[in-house]
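The values are calculated or read from the model by the stated rules, or taken from the named source; none is laboratory data. Only a predicted model underlies this, so the values are computations on that prediction, with no experimental measurement involved. Here Cβ is always computed from backbone atoms with ideal geometry, including for glycine, and neighbour counts include all displayed protein chains.
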Amino acid sequence: MQVPLLDLKLQYAPLKSEILFEMEAVADSQTLILGPKTEAFERAVAKYCGVEHAIAVSSGTDAQLVLLMALDVQPGDALITTPYTFFATAGCIARLGARPVFVDIDPATFNMSVPALEQALARTRKPKAIIPVHLFGQCADMQPILALGKKHGIPVLEDAAQALGARHPLGCAGAIGEAGWFSFYPTKNLGAFGDAGMVVCKDSVLAAKIRALRNHGMETRYYHKWVGGNFRMDAIQAAVLGVKLPHLDLWSAERRARAAFYRQEFARAGLSRLVKLPAESYATSGHLNHHIYNQFVIRAVRRDALKEHLTKAGIATEIYYPRALHMQECFADLGYSKGDFPEAERAARQSLALPIFAEITEAQQRYVVEQIDAFYAAG
Ligand SMILES: Cc1ncc(COP(=O)(O)O)c(C=O)c1O
């Protein structure tokens, strides 16, 4: 049996005619960048998240970059984030000449450790922002993070690239802190037909600046108030995303159901000593979307050998992420060493993302767990 990590064709098939209709409308309009489709999608995302402003951009990476530019991040500024995230979180900081200050993760959730954040705040001079990442589709521990931001007078910016729709008791991912961003990379729960992203924020002055910076810092055509860039969303991406957004909660609910099924099968196999399943921090919060399972990430004993075994058995898996960011070659000049963030390093050695998507079958999931069981049974 073959089990892909994700099968986008299955999601596309039932929406094909609606999506093609909307794409054709864009083609007929020849309004290909920004325009009414993009504005409608911005309004839809703002409403969905319960946030005042949503600004459509060219990718999740560009969303973060343009937000940091709007906040006037300067060379030498320190921004606190975790070393266990997709590269862009720290890459955008470095691209502005600023300095990512890493704090370790909480081993249960892979998200920012609050005690580690507290320590970093005590030793970092005037950090410009705190950037928690809602990794794999579950929010970081936002209550104490916001309290620390308030205490130190610094904004909390949420990397919600993997978490559109995820709910924390304080609100929707991305809409809890001062600002946040989403990625619509095709593998996200809400995926475009290419690259696309969104910045969300509460402050109207900040939103207006982001809008201008998205388009080379122009408020009036060809009059440049700031040096911005081309971070505009294509209308065709907005059209596709606009068709998909109403389905997002259902897809996330399906993923949650698939996660529950994995739990049941793992419990039946009695693998708890060898495989640690993802924590659900907000399961009792009463919010359905307490986790949207963009990824179902386990920790596994002898992870690399297990991955190889699953590949041979036709099961696709992925390692998010094999090397923590403080150990990346391009960040050598930050001066970090091996051992500085033991939890992030351990996660990089142990984590393994299993196939999860709304349309995965119970037979496929059972086969995944059977193969994991067979691997450990063989010693
Ligand atoms: C945590 C995180 N931050 C940022 C990004 C960047 O988003 P994009 O790929 O749309 O540029 C991603 C995308 O994978 C991500 O997972």
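Would you call Asp106 touching a residue at least 60 places away in the same chain (Cβ under 8 Å), closer than 25 Å to Leu277 by Cβ and not β-branched (Val, Ile, Thr)? Criteria met by Asp106. Among residues of region 351-379 that are within 28 Å of His247 (Cβ to Cβ), those with a beta-carbon under 9 Å from a residue that is assigned to a helix (DSSP H, G or I) and among the hydroxyl-bearing types (Ser, Thr, Tyr) at least six positions away or on a different chain give the pairs Leu354/Tyr262; Ile356/Tyr262; Ala358/Ser252; Gln365/Tyr262; Val368/Tyr262; Val369/Tyr262.
Does Val45 meet the test of being among the hydrophobic types (A, V, I, L, M, F, W, C) and touching a Lys or Arg at 6+ places or on another chain (Cβ under 7 Å)? Spelling it out, it is not the case that Val45 is among the hydrophobic types (A, V, I, L, M, F, W, C) and touching a Lys or Arg at 6+ places or on another chain (Cβ under 7 Å).
Only one entry in Leu65, Leu34 is hydrophobic (A, V, I, L, M, F, W, C), buried (at least 18 other Cβ atoms within 10 Å of the Cβ) and away from the ligand (no atom under 16 Å from the Cβ), namely Leu34. Could you check, for region 148-160, whether at least one of its residues is surrounded by 23 or more Cβ atoms within 10 Å (Cβ to Cβ) and over 30 Å from Lys244 (Cα atoms)? Yes, some residue in region 148-160 is surrounded by 23 or more Cβ atoms within 10 Å (Cβ to Cβ) and over 30 Å from Lys244 (Cα atoms). Counting only residues that are assigned to a loop (DSSP other than H, G, I, E, B) and within 16 Å of the ligand (Cβ to nearest atom), region 108-120 holds 3 of them. Looking at Glu158, Glu178, Glu118, can you tell me which residue is in contact with a helix residue (DSSP H, G or I) (Cβ under 7 Å, 6 or more places away or on another chain) and of a type in the set (D, E, K, R)? Sole residue among the options that is in contact with a helix residue (DSSP H, G or I) (Cβ under 7 Å, 6 or more places away or on another chain) and of a type in the set (D, E, K, R): Glu118. Residues in region 351-376 that are over 20 Å from the mean Cα position of the chain (by Cα) and either at pLDDT below 95 or of a type in the set (S, T, N, Q) (or both): Thr361, Gln364, Gln365, Gln371.
Scanning region 242-265 turns up one or more residues that are within 21 Å of Tyr12 (Cβ to Cβ) and in contact with a Phe, Trp or Tyr (Cβ under 6 Å, 6 or more places away or on another chain). Of Met142, Met198, Met218, all but one fail to be surrounded by fewer than 18 Cβ atoms within 10 Å (Cβ to Cβ) and under 27 Å from Leu96 (Cβ atoms); the exception is Met218.
Here is a yes/no grid of residues against (1) within 30 Å of Ala13 (Cβ to Cβ); (2) crowded, with 18+ Cβ neighbours inside 10 Å:
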residue	(1), (2)
Leu310	yes, yes
Thr317	yes, yes
Ser337	no, no
Asp373	no, yes
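Residues that are surrounded by fewer than 19 Cβ atoms within 10 Å (Cβ to Cβ), more than 16 Å from the ligand (Cβ to nearest atom), modelled with pLDDT of 95 or more and under 21 Å from Arg256 (Cβ atoms) do not occur anywhere in region 121-138. I'd like the full set of residues that are within 18 Å of Arg214 (Cβ to Cβ) and touching a Lys or Arg at 6+ places or on another chain (Cβ under 8 Å), limited to region 63-80. Of everything in region 63-80, those that are within 18 Å of Arg214 (Cβ to Cβ) and touching a Lys or Arg at 6+ places or on another chain (Cβ under 8 Å) turn out to be Leu65, Val66, Ala70, Leu71, Val73. For Ser285, the conditions (1) free of Cβ contacts under 8 Å to residues at least 40 places away in the same chain; (2) farther than 25 Å from Ala90 by Cα; (3) assigned to a loop (DSSP other than H, G, I, E, B) are fulfilled apart from (1).
The condition of being under 22 Å from Ser59 (Cβ atoms) and of a type outside the set (Phe, Trp, Tyr) holds for only one of Ala212, Ala147, that being Ala212. None of Ile105, Ile145 is within 15 Å of the ligand (Cβ to nearest atom) and not basic (Lys, Arg) except Ile105. In region 229-255, the qualifying residues are those that are of a type in the set (Gly, Ala, Ser) and in a helix (DSSP H, G or I), and the one that is surrounded by the fewest Cβ atoms within 10 Å (Cβ to Cβ) is Ala253.
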